[in-house]
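The values are calculated or read from the model by the stated rules, or taken from the named source; none is laboratory data. Note that the structure is predicted; figures quoted are calculated from it, not measured. Here the Cβ positions follow ideal geometry from the backbone for every residue, glycine too, while neighbour counts run over all protein chains shown. Just so you know, the surface numbers come from the protein's heavy atoms only, side chains and all, with ligands and any DNA or RNA stripped out. Shrake-Rupley method; radii C 1.70, N 1.55, O 1.52, S 1.80 Å.
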Amino acid sequence: MNACLDVQNLTKTFGALTLFENISFSIAEGQRVGLVAKNGMGKSTLLSILTGKEGCDEGEIVYRRDLKVGFLEQSPVFDPEESVLDACFNHHGDDEKVLRAKQVLTQLKISDLTQPMGQLSGGQQKRVALANVLLTEPDLLILDEPTNHLDLDMIEWLEGYLSRGNRTLLMVTHDRFFLDRVCDLILELDDHTIYTYRGNYAYYLEKRQHRIDVTRAEITRANNLYRRELEWMRRMPQARGHKAKYREDAFYELERKAKQRIEERQMRLKSTNVYIGSKIFECQYVSKAWGEKVMLKDFYYNFARFEKMGIVGNNGTGKSTFLKLLLGLEPVDAGRFDIGDTVRFGYFSQEGLQFDESQKVLDVVRDIADYIDLGGGRHFTASQFLQHFQFTPEQQYNYVYKLSGGERRKLYLCTVLMRNPNFLVLDEPTNDLDIQTLQILEEYLSDFPGCVIVVSHDRYFMDKVVDHLLVFKGDGVIKDFPGNYSQYREWSSLKAKEEVKEEKGDKRAKREYRNADKRKMTYKEKTEFARLEKEIALLEEEKQQIEAALCGGTDDVEAITAMSKRLPLLNEELDEKSMRWLELSEIE
């Protein structure tokens, strides 16, 4: 298998902070690689080093000769005067490329190609940057958080785009559905080193837990042996001869292993000291518009006690506006929100919190409260609370200006939760948070004894947290769906198929009305129909075998890569043949 990128013994430090040390990995042609790590561990720094935007302390980075690399930065910068189309590429009058740019930008909800980049929001600029890197058709795509600022339709489109063909990809993302569906290899940065998992995200979770269990067992064995060797080391030097020098050297290696630490959360953060009354809020026929753009129109909803609601929909359909109307941050045009007297909102906004850069992390939280009362005589100090959300004791005494973007978002989340609200309103809380923090937040919200409203494009997160959805469809249309996101998508898919079937039925009825004599299937069509049935059965069997093999993770890397390439092509072929089989099945 041809290697596109080979990294050997790479080291990067910032002062006393070591991000990674002597890490090595390679990416082969056609592999789709996901890079995961906790916030502040150096994911974005590693991508910057690989693309030459930042230097390393030691190590070697070797690209295949003449390899074309495309890089999507987390915060791209454009000339504010150039147009959207010019920002994508210098097309030099190439009509085919311009046409393709229009198609990709349309999928990413960018319609005015002549608009200056300076007039676009940060999210729109990120989407133009994504279009840019896709349109240049590089041999290796390096993407830093490609799903940020995309709505659900765009994310699903991008999933399909990246999964098709023989694309080579390295990306950082916290979208676990996206990782699971797109990537066939996971790299994890942890404890200054890198671990490789040859499978998708689900495979990574299973094997990572196995790695942790093995390491924990090794530490336990090392500790038992360490206690015995420590007694030997404490004896008088005369008790040790020169022949035992090797034992003394081995002791220090044993000591290093015994003092390893596996970060574990010993308890879930369950609070019983949150009370909320039976009356939460009633949205009484609320309307809101921005000019001619309608966000809500005579919308009524009575929010129940302990309810956990998710809000989904495309960008610009009014999701964040609804939250601001509820919180009184924006005035309604008509109607009102009747809110219960016991409700205490905790609001996590997209805009975030402006911190005092000179403050220490711990002091930021202590300014809110010294501890949070969990009820039953239990409480968490500010330091314990921060540690639960993956801020080590050392990091708690860091100044805010030293924090990464993800760490700042995590600190902002801690300031909201530390106020101990009984109604959490979270607007895109998953953006820039690492997977471990997302898992902690999911547990927190699952155990939370109050009410929750979440706006998020993270499908995995929504499935874990919410029990029903408000789906904002635009133009003031809002659908209440009793279930999580995956259930909604399944229902939507079935509904769409039924509508297509009804439409085909209507067309068939019209044809039958026009032709009194019903057309019979020709001999050629009968032969094709029989052949399709056999081919579809074989394709289904092949698909099941590939999926089982990928989940098993026992094959070598070449076989896994080949199967990962085959699977999307197989799905396309199945869809095509199944559609033709349906068409023929309607002929008598």
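Quick notes on this structure:
- The chain: proportion of alpha-carbon pairs further apart than 38 angstrom, %: 43 percent
- Only one residue of Gly34, Asn9, Gln74 has its Cα farthest out toward the positive end of the dipole of the stretch 1-85, where Lys and Arg carry +1 and Asp and Glu -1 on Cβ, and that residue is Gly34.
- Using a probe of 1.4 Å, the accessible surface attributed to Asp370 totals some 100 Å² when neighbouring protein chains are kept in position.
- Farthest toward the positive end of the dipole of the stretch 327-369, out of Pro331, Ile368, Leu353, is the Cα of Ile368, where the dipole comes from beta carbon charges about the Cα centre.
- Computed on protein heavy atoms with a 1.4 Å probe, the accessible areas place Phe461, Phe355 in the order Phe355, Phe461, largest first.
- Set Lys109/Lys319; Lys109/Lys324; Lys495/Lys565; Lys464/Lys495; Lys504/Lys543 screened for pairs whose C-alpha atoms are more than 22 Å apart: Lys109/Lys324; Lys495/Lys565; Lys464/Lys495; Lys504/Lys543
- Most to least accessible of Glu576, Glu428, Glu558 (protein chains only, probe 1.4 Å): Glu576, Glu558, Glu428
- Gain upon complete extension [Leu539, Ile61; 0.36 nm per residue less C-alpha separation]: 168.0 nm
- Karplus (6.51, -1.76, 1.60) ³J(HN,Hα), θ = phi - 60°, over the stretch 306-311, in Hz, Gly and Pro reported as x: 6, 6, 10, 9, x, 10
- Accessible surface ranking for Asp367, Asp151, Asp190, 1.4 angstrom probe, highest first: Asp367, Asp190, Asp151.
- What the chain shows is 52 Å² of accessible area per residue, with the surface traced by a 1.4 Å probe over protein heavy atoms.
- Percent carbon-and-sulfur accessible area, the chain, ignoring ligands, DNA and RNA, probe 1.4 Å: 47 percent
- Gyration tensor analysis over the Cα atoms of the stretch 422-471 returns equivalent ellipsoid semi-axes of 15, 13, 10 Å (largest first, whole Å).
- Kirkwood hydrodynamic radius over Cα pairs of the stretch 324-480, then Stokes diffusion coefficient at 4 °C and 1.567 mPa s, in µm²/s: 76 µm²/s
- Distant-in-sequence amide H partners of Leu424 (H built 1.01 Å from N, under 5 Å): Gly346, Cys451, Val452, Ile453
- For the stretch 321-327, Karplus couplings with θ = phi - 60° (6.51, -1.76, 1.60), whole Hz, Gly/Pro x: 4, 4, 4, 5, 5, 4, 7
- In nm, spacing of pseudo-spin labels at Leu569 and Thr51 (7 Å Cα→C-beta vector): 3.0 nm
- Loop-resident trypsin sites (Lys or Arg not before Pro) (DSSP state other than H, G, I, E or B) in the stretch 319-384 with no more than 16 further Cβ atoms inside 10 Å of their Cβ: Arg344.
- Building the convex hull from the alpha-carbon atoms of the stretch 146-210 and averaging its projection over directions returns 4.9 nm².
- Cα centroid separation - the stretch 6-25 against the stretch 374-419, whole Å: 27 Å
- Note on the stretch 320-410: the alpha carbon radius of gyration divided by the globular reference 2.2 N^0.38 Å gives 1.38.
- Database remark: amide H of Asp367 closer than 5 angstrom to no amide H (H placed geometrically; neighbours at sequence offset of 5 or more, or on other chains; Pro and chain starts carry no H).
- Applied to the stretch 75-84, the Karplus parametrisation 6.51 cos²θ - 1.76 cosθ + 1.60 on θ = phi - 60° returns per-residue 3J(HN,Hα) values of 10, x, 10, 10, 5, x, 8, 6, 6, 4 Hz, with x for Gly and Pro.
- Simple point charges give the picture: +1 on the Cβ of Lys and Arg, -1 on the Cβ of Asp and Glu, and for the stretch 1-123 a dipole about the Cα centre of about 480 debye.
- Distant-in-sequence amide H partners of Leu19 (H built 1.01 Å from N, under 5 Å): Lys12, Thr13, Phe14
- For the chain, the dipole from Cβ point charges (+1 on Lys and Arg, -1 on Asp and Glu) about the Cα centre works out to 1440 debye, to the nearest 20.
- Magnitude of the charge dipole, the stretch 113-163, Cβ model with Lys/Arg +1 and Asp/Glu -1, debye to 20: 260 debye
- Cα→Cβ-extended label distance, 7 Å offset, between Gln284 and Ser26, nm: 7.0 nm
- Nitroxide proxy distance, nm - points 7 Å out along Cα→Cβ at Ala16 and Gln119: 5.2 nm
- More than 19 Å apart - percent of Cα-Cα pairs taken over the stretch 387-471: 38 percent
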